[in-house]
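Peer 1: A single structure is presented below for examination.
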Amino acid sequence: MERTTAVIPAEDIQRQTKYCAEIKVLNQQRQVPPMAYVDTYGCQQNEADSELIRGMLADMGYEITDTSDGADVIVINTCAIREHAEQRVFGNVGALIHGKRKKPGQIICLCGCMAQEAHVAERLRQSYRHVDLLFGPQALWRFPELLRRVYLRRGRVFDVDASDGAIAEGLPVRRSGKLKAWVSIMYGCNNFCSYCIVPYVRGRERSREPEAILNEIETLVGQGYKDITLLGQNVNSYGMDLGSGMDFPTLLERTNAIPGDFLIRFMTSHPKDATDRLFDVMRNCERVAPCLHLPFQSGNSRVLRAMNRGYSREEYLDKIQALRERVPHIVLTSDVIVGFPGETTREFEDTLSLIQEVRFDALFTFIYSPREGTPAAKLDDPFTREEKQVNFDRLVEVQNQISLEKHQAYIGTVQRCLIDGAGDDPRSSLKARTAGNRLVHLNGDSALIGQFRDVRITHCSTFALFGELI
Ligand code: SAH
Ligand code: SF4
Ligand code: F3S
């Protein structure tokens, strides 16, 4: 069997490399080195994409700065998941006009998931005339070519045609951290949950070849990275398009076989495709971190059906049980949506009871936000924002109590933690993460950053643990 999704030919990637070199020559003729700023909204996938954008900008001779003030190129990598995220982007992009008036040659680019929404592209075209370049996530690998077109002053460039997307290997990357790294293993989503915009803006599911992924991880481990997160909208469908029988649990096993002292995490897992085999692999692979982010979205089976999630409340709970039988101390986190169109308070009670039954370590809670073009946005929604807020607040309160109790259970235990940075308080000069990814504040020498160390947990709050080095 052959793979069913497209791969960008190496020559096409090389052409982009050539464009980078060409722009670099132009940039080197300038007296002051030009600066580029990349601002990122949304999920880890976008963070990973921004690292590629910075890589390409660096290859084009730009210095990367952390402020838009006075930058020669500004790239806003956007998220479309909820209305609030989009409003923030519109506000911030609108405000860039002042900087551009002071620096007329400035190039403003907007990319990411919002760029792929037709109504957003139209609004930017009409009302945000200071935006020079717009391109969607599937066009990311052609950024050098697109920027070059703007650079050589051929007016505004909008590259936002709908596209299934392909796999582009060999793009330069400039990572933000030295210990933690994102590795995209696949792109796009085929699940079409009825509330979600992602499948419309990120194209179809497509997997990178395992060798490319494993080589990248091996390189990262060689460079000293200690905490590697495999990314995809639903990593559990990794490999389905490859036609080679490769699947996600097997990829995890092969990653686990790479020598070195590092942890492997992954996100996100869709419950419908989370199998006993995945849980077995998690139990058996010592480098795979004992934590799982398994979004349940709702605890009510009618709502789950309306969401097109492909599992019922009972099936979700069965998966959790199967996982806990194999990995008893698993740290569990999840996403939940309150106020899906037509969700009654009785149905919401099922969500509350599910979190009380599962007792997640932490929860990401969202109020439903209608997304233009999705099936759910067309459903009747008789409940007001205020009514939804009441349920939302109840949910957060119940979860905060559970999170606190879960943290209290750590007190007195010893956790092997990765010390991953400086703290923001003189009493806890270091930050660390347990294997299960819980945040730990502690005191110690900054020379310890980058090391795995045993930490005794002494106290806690709802959102963090506090400990001391042993
Ligand atoms: N691929 C991941 C989710 C990515 S989006 C998965 O399937 O688990 C992250 C979270 O945003 C989702 O899990 C969901 O809880 C939330 N979300 C997505 N669309 C939303 C919407 N229209 N309104 C509110 N929350 C939404
Ligand atoms: Fe959205 Fe569902 Fe795909 Fe997650 S699995 S990205 S929630 S459509
Ligand atoms: Fe947002 Fe796109 Fe991620 S919509 S959550 S940035 S995939």
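The values are calculated or read from the model by the stated rules, or taken from the named source; none is laboratory data. The model shown is predicted, which means the values in this text are computed figures rather than measured ones. When we count neighbours, we look across all protein chains shown, and the Cβ atoms used for this are built from the backbone with ideal geometry, even at glycine.
Peer 1: Can you find, within the range 197-227, the residue that is nearest to ligand 3 (Cβ to nearest atom) among those that are assigned to a helix (DSSP H, G or I) and charged (D, E, K, R)?
Peer 2: Within the range 197-227, the match that is nearest to ligand 3 (Cβ to nearest atom) is Arg202.
Peer 1: Is there any pair linking a residue in the range 38-55 that is farther than 16 Å from Leu231 by Cα and of a type in the set (Val, Ile, Thr) to one that is modelled with pLDDT of 95 or more and within 13 Å of ligand 2 (Cβ to nearest atom), with Cβ under 8 Å and at least six apart or on different chains, and which?
Peer 2: Listed by first residue and then by second, the contacts come to Thr40/Asn46.
Peer 1: Which of the residues belonging to the range 179-196 are within 10 Å of ligand 3 (Cβ to nearest atom) and not in a loop (DSSP other than H, G, I, E, B)?
Peer 2: Tyr187
Peer 1: What helices (runs of 4 or more DSSP H), lying completely within the range 233-327, carry at least 1 residues that are over 16 Å from Ile213 (Cα atoms)?
Peer 2: 276-284, 301-306, 313-326
Peer 1: Could you grab the pairs with beta carbons closer than 9 Å, sequence gap of 6+ or different chains, first residue in the range 182-195 and at pLDDT 95 or above and among the hydroxyl-bearing types (Ser, Thr, Tyr), second one in a strand (DSSP E or B) and away from ligand 1 (no atom under 11 Å from the Cβ)?
Peer 2: Correct list of pairs: Ser184/Leu230; Tyr187/Ile167; Tyr187/Arg206; Tyr187/Ser207.
Peer 1: Continuing with this model, one more query. Quick one: in the range 288-302, which of the residues that are without any contact (Cβ under 8 Å) to a residue 60 or more places away in the chain and either among the polar types (S, T, N, Q) or touching a Gly at 6+ places or on another chain (Cβ under 8 Å) (or both) is nearest to Asp361 (Cα to Cα)?
Peer 2: Checked the range 288-302; the qualifying residue nearest to Asp361 (Cα to Cα) is Ser298.
Peer 1: Report, by residue number, each residue of the range 2-18 that is assigned to a loop (DSSP other than H, G, I, E, B) and polar (S, T, N, Q).
Peer 2: Passing the criteria: Thr4, Thr5.
Peer 1: Return the pairs, sorted by first residue and then second, in which the second residue is near ligand 3 (Cβ under 8 Å from one of its atoms) and outside any helix (DSSP H, G or I), the first residue lies in the range 68-85 and is touching a residue at least 60 places away in the same chain (Cβ under 8 Å) and within 12 Å of Ala115 (Cα to Cα), the beta carbons are less than 9 Å apart, and the residues are 6+ apart or on different chains.
Peer 2: Ala80/Gly42; Ala80/Gly112; Ala80/Ile197
Peer 1: Sticking with this one: Can you name the strands (runs of 3 or more DSSP E) wholly within the range 351-470 that have at least 1 residues being away from ligand 2 (no atom under 16 Å from the Cβ) and in contact with a Cys (Cβ under 8 Å, 6 or more places away or on another chain)?
Peer 2: Where strands (runs of 3 or more DSSP E) fall fully within the range 351-470 and carry at least 1 residues being away from ligand 2 (no atom under 16 Å from the Cβ) and in contact with a Cys (Cβ under 8 Å, 6 or more places away or on another chain), they are 428-434, 439-442, 452-460, 465-469.
Peer 1: Just need a number here: residues in the range 79-131 that are of a type in the set (Val, Ile, Thr) and within 16 Å of ligand 2 (Cβ to nearest atom).
Peer 2: 1
Peer 1: Quick check on my filter: what residues within the range 14-35 are within 21 Å of Gln106 (Cβ to Cβ), among the basic types (Lys, Arg) and surrounded by 11 or more Cβ atoms within 10 Å (Cβ to Cβ)?
Peer 2: Within the range 14-35, just Lys24 meets the criteria.
Peer 1: Counting only residues that are touching a residue at least 12 places away in the same chain (Cβ under 8 Å) and either within 16 Å of ligand 3 (Cβ to nearest atom) or outside any loop (DSSP other than H, G, I, E, B) (or both), how many does the range 340-350 have?
Peer 2: The qualifying residues number 4.
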